[in-house]
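Structure first, then comments.
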Amino acid sequence: MVKKISACIFISGKGSNLISLIKSSRDYNFPIKIDLVISNNIDAYGLKYAKKHNIPCIYYSSVNLSRFERNCLMELKKRKIKFLCLAGFMKLLSKNFIKNFKYKIINIHPSLLPKFKGLNTHKRVLKNKEKYTGCTVHYVNPKLDAGDIILKKKILINKYDNENSLKKRVLKQEHILYSRAIRSVFK
Ligand code: GAR
């Protein structure tokens with residue numbers, strides 16, 4: 001059995017990536033153990049799911065980002081968390097926060113980075129008449145969706161695709177890619 005790294009997942013919304021990571025982490029060979037979930041949205045469904053599965057969860061408001069980061073940092077240090085995964089966490093973390101976890105914070109983004117950083121990805125991909133889209137797992141640096149890339153998954157866009165179908169098809173791939181990327185980081 002591998003010695004699992006203690007990890008925290010940051011979410012802001014539905015948490016479907018969190019749910020898939022919780023499922024993967026049950027595998028005795030999966031390199032991380034999810035010891036904490038932090039959300040900046042008290043209504044995030046992922047919080048309810050994690051609680052139901054006995055994973056400690058915390059909500060902190062991020063209206064004041066530096067207070068949010070201070071609170072997180074205190075809790076992460078107290079719990080000796082060594083690795084952070086952003087899973088639909090919709091805030092840009094500061095340089096000051098990130099330096100505490102250099103190359104220990106990763107994120108998933110629903111596009112083939114470096115293309116289509118930021119919000120409304122699928123809408124922009126369709127508007128641009130791209131042939132392919134996909135998802136990317138990357139290390140987090142202080143710039144938006146810009147850190148070193150760990151893994152990408154490409155899918156073909158078909159003529160019937162709309163924003164909603166792309167979101168669903170890409171999300172399905174995200175659930176596979178995120179766990180693969182974590183395994184590859186610790187290989
Ligand atoms: C996912 O598509 C994720 O890639 C995206 O938000 C969604 C969250 O879904 N993240 C970003 O756009 C970050 N730049 P989930 O809450 O169901 O995991």
Review point. For Arg26, what is the net charge nearby, where nearby means another residue's Cβ is under 13 Å from its Cβ and Lys, Arg count +1, Asp, Glu -1?
Key: +2
Revision key, fill the gap. The local net charge around Pro142, scoring Lys/Arg +1 and Asp/Glu -1 for residues other than Pro142 whose Cβ lies under 14 Å from its Cβ, equals +3
Check your understanding: Once fully extended, how much extra length lies between Glu75 and Asp27, figured as 0.36 nm per residue of separation less the alpha-carbon to alpha-carbon distance?
Key -> 14.7 nm
Check your understanding: Which length gain, in nm to one decimal place, applies between Ser66 and Phe186 when the Cα-Cα distance is subtracted from 0.36 nm times their residue separation?
Key -> 40.2 nm
Practice item. Mind giving me the nanometre distance, one decimal, between the label points for Ile176 and Lys95, set 7 Å out from Cα along Cα→Cβ? Key: 3.9 nm
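Ratio of alpha-carbon Rg to the 2.2 N^0.38 Å globular estimate for segment 16-111, to two decimals, please. Please list the in-between numbers first.
Details: Rg = 13.1 Å, N = 96, 2.2 N^0.38 = 12.5 Å.
This ratio for segment 16-111 stands at 1.05.
Expressed as a whole percentage, what fraction of the accessible surface of segment 1-98 belongs to carbon and sulfur atoms when a 1.4 Å probe is rolled over the protein heavy atoms? The partial results should precede the final answer.
On the way: 2830 of 5080 Å².
Roughly 56 percent of what the probe reaches on segment 1-98 is carbon or sulfur.
Just to confirm, what accessible area per residue do you get for the chain at 1.4 Å probe, in whole Å²? List each step's numbers first, then the result.
Details: 10500 Å² over 187 residues.
Value returned for the chain: 56 Å² of accessible area per residue.
Per the helix-only calculation at 222 nm, which mean residue ellipticity applies to the chain, given -39500 (n - 2.57) for every DSSP H run of n ≥ 4 and division by its residues, nearest 500 deg cm²/dmol?
On the way: 6 runs with 66 residues, N = 187.
Roughly -10500 deg cm²/dmol at 222 nm, from the helical runs in the chain.
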Point to revise | Rounded to whole Hz, the Karplus (6.51, -1.76, 1.60) HN-Hα couplings of segment 161-175, x for glycine and proline | key: 5, 10, 4, 5, 5, 5, 4, 5, 5, 5, 4, 4, 6, 4, 4
Review point. In sequence order, what are the phi-derived ³J(HN,Hα) couplings for segment 21-29 according to the Karplus relation 6.51 cos²θ - 1.76 cosθ + 1.60 with θ = phi - 60°, rounded to whole Hz, with x for glycine and proline?
Key: 5, 4, 4, 4, 5, 6, 5, 5, 8
Check your understanding: Which ³J(HN,Hα) values, rounded to whole Hz and listed in residue order, are derived for segment 83-94 from phi using the Karplus coefficients 6.51, -1.76 and 1.60 in 6.51 cos²θ - 1.76 cosθ + 1.60 with θ = phi - 60°, glycine and proline given as x?
Key -> 8, 10, 10, 8, 10, x, 8, 9, 10, 8, 6, 7
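The values are calculated or read from the model by the stated rules, or taken from the named source; none is laboratory data. Predicted model, so just to flag it, every value in this text is computed and none were measured. Cβ coordinates were reconstructed from backbone atoms using ideal geometry, including for glycine residues, and neighbour counts include every protein chain displayed. Surface areas here come from the heavy atoms of the whole protein model, side chains and all, with no ligands, DNA or RNA. Shrake-Rupley method; radii C 1.70, N 1.55, O 1.52, S 1.80 Å.
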